[in-house]
Each structure stands twice: as structure tokens, then as C-alpha cells.
Ligand SMILES: [Zn+2]
């Protein structure tokens, strides 16, 4: 299965469905093959960490992001909020635009 991924690292996305519905965060990683994203402070899971004195790790429980399905998030347009991604050709560049206000999503 191949789906086109229009969301990139450092985009701001909003969670539209699931446990973290309504949360907004920055995209840390994109997994195109799995159609998943890692979003800052979204889908936090607790993880046991073993103490490792050599690396100055105390051990205990750490919280960590886990991947979320791309279909569960929407990109956040700086002007109008959660939106869908459209495309436009500017010269020979294909840029991402907001489908609502037609404003650019890439700086
Ligand atoms: Zn917009």
C-alpha cells in the first residue's frame, strides 16, 4: 500500500479522532510506509527505563510519543486552523496550500 504523504516534519497538526482528540503538536517524524506520524506530546505512552549509571540514566518510568495514523490528524493552517492540504504550481515548484484560505503552508 502506498499513500501519498503530504505532511512533513515540523508541520503543526491537530488530532481529529482517538484518545488525544483536540491535541495539537509539531510533527517529529513521518513514517510514510506505515502512514503514521510521531507528534510531539501526542499519544504519550509510559515506558519503563532501566537505570544506566554510565549514561546517567536514573531509571523509572518515562513518557514517550507513540505513532498516530496520518488519517487521524489534520494539518493546522497558520491562518484558519485545521484544514486540508491542496497543491499549487509556482513556477516549477509544487507547493502545499491550505484548501480553505489558499494560503501557503510552506514557508
Ligand atoms: Zn488556511
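Taking other Cβ within 10 Å of each residue's Cβ, how do 105, 38, 28 sort, fewest first?
The most exposed by this proxy come first: 28, 38, 105.
Using the reciprocal of the averaged 1/r over all distinct C-alpha pairs, how large is the Kirkwood radius of the chain in Å?
Kirkwood hydrodynamic radius for the chain: 15.4 Å.
Of 95, 45, 27, 73, how do they rank once you tally other Cβ atoms within 10 Å and put the fewest first?
By the 10 Å Cβ count, ascending, the order reads 45, 95, 27, 73.
Cut-off is 10 Å between beta-carbons; in what order do 106, 11, 6, 92 appear when sorted fewest neighbours first?
92, 106, 6, 11
Each value in this text was obtained by applying a stated rule to the coordinates, not by laboratory testing. Note that the structure is predicted; figures quoted are calculated from it, not measured. Here the Cβ is made from the backbone with ideal geometry for all residues, glycine too, and neighbour counts use every protein chain on show.
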